[in-house]
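**Q** One structure, as structure tokens, below. Some questions next.
The values are calculated or read from the model by the stated rules, or taken from the named source; none is laboratory data. Bear in mind that the values here come from a model prediction, so they are computed numbers and not experimental data. Note that each Cβ is placed from the backbone with ideal geometry, even for glycine, and that neighbours are counted across all protein chains shown.
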Amino acid sequence: MVNINSPHELENWKVSVSGIIIKENKILAVQQNPNSNHRLRGCWRLPTGKMKSFEHPYDAVKREILEESSIEAIVDSSPIHIKVRDLNDSTCNGLLVVYYEGKPLFNVDVPHHAPNGETIDACYFDVEDFFKCAGALGRRELEGKVTDRIYELMGR
């Protein structure tokens, strides 16, 4: 497995990060802009994004959560799961999706969300509603271990 704490080991990977943020047994989700080129356009999903060059995945996930939802989050420093995907791309080893869990820094509702172009809304959902709203494509993004952890965090 790749050591995500080693910038040298991450050089030949595309890295995406995803945050599972829980508040009062509800999960934070963002709605992808339906007018975007993203394959999950219009779907509700976890705050997710690409890691920038020389950025640590931990810093990237906190940045993505803030950019996409306007929520500042406290995120555990160890990821709960790392998914490896082959991209059939000779320029890199593949895609790493690094999942972190956390909670909002402040116990406030999602602020009026200023769209950042990628997302158009953010909301806390009951877990069942989240999986319904995520749609088939969004649910497929969350493999078993991540889904199991979401249910565990929600006390179910």
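Each row is one residue, and each column tells you yes or no for (1) surrounded by fewer than 22 Cβ atoms within 10 Å (Cβ to Cβ); (2) at negative phi.
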{"position": "VAL17", "(1), (2)": "no, yes"}
{"position": "ILE20", "(1), (2)": "no, yes"}
{"position": "GLU24", "(1), (2)": "yes, no"}
{"position": "PRO34", "(1), (2)": "yes, yes"}
{"position": "LEU40", "(1), (2)": "yes, yes"}
{"position": "TRP44", "(1), (2)": "no, yes"}
{"position": "PRO47", "(1), (2)": "no, yes"}
{"position": "MET51", "(1), (2)": "no, yes"}
{"position": "PHE54", "(1), (2)": "yes, no"}
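**Q** Go through (1) at pLDDT below 85; (2) in contact with a strand residue (DSSP E or B) (Cβ under 6 Å, 6 or more places away or on another chain); (3) not hydroxyl-bearing (Ser, Thr, Tyr) for VAL61 and report which single condition fails.
**A** Result: VAL61 passes all but (1).
**Q** Here is a follow-up. Given (1) in a strand (DSSP E or B); (2) touching a helix residue (DSSP H, G or I) at 6+ places or on another chain (Cβ under 7 Å); (3) among the hydrophobic types (A, V, I, L, M, F, W, C), identify the lone condition not met by VAL110.
**A** (1)
**Q** In addition: Count, please, the residues in segment 8-56 that happen to be within 27 Å of ASP129 (Cβ to Cβ), part of a strand (DSSP E or B) and more than 14 Å from the chain's Cα centre (by Cα).
**A** 2
**Q** Can you pull out the residues in segment 68-99 that are surrounded by 16 or more Cβ atoms within 10 Å (Cβ to Cβ), of a type outside the set (A, V, I, L, M, F, W, C) and either part of a loop (DSSP other than H, G, I, E, B) or free of Cβ contacts under 8 Å to residues at least 60 places away in the same chain (or both)?
**A** Listed by number, the residues that qualify are GLU68, SER69, SER70, PRO79, ASN93.
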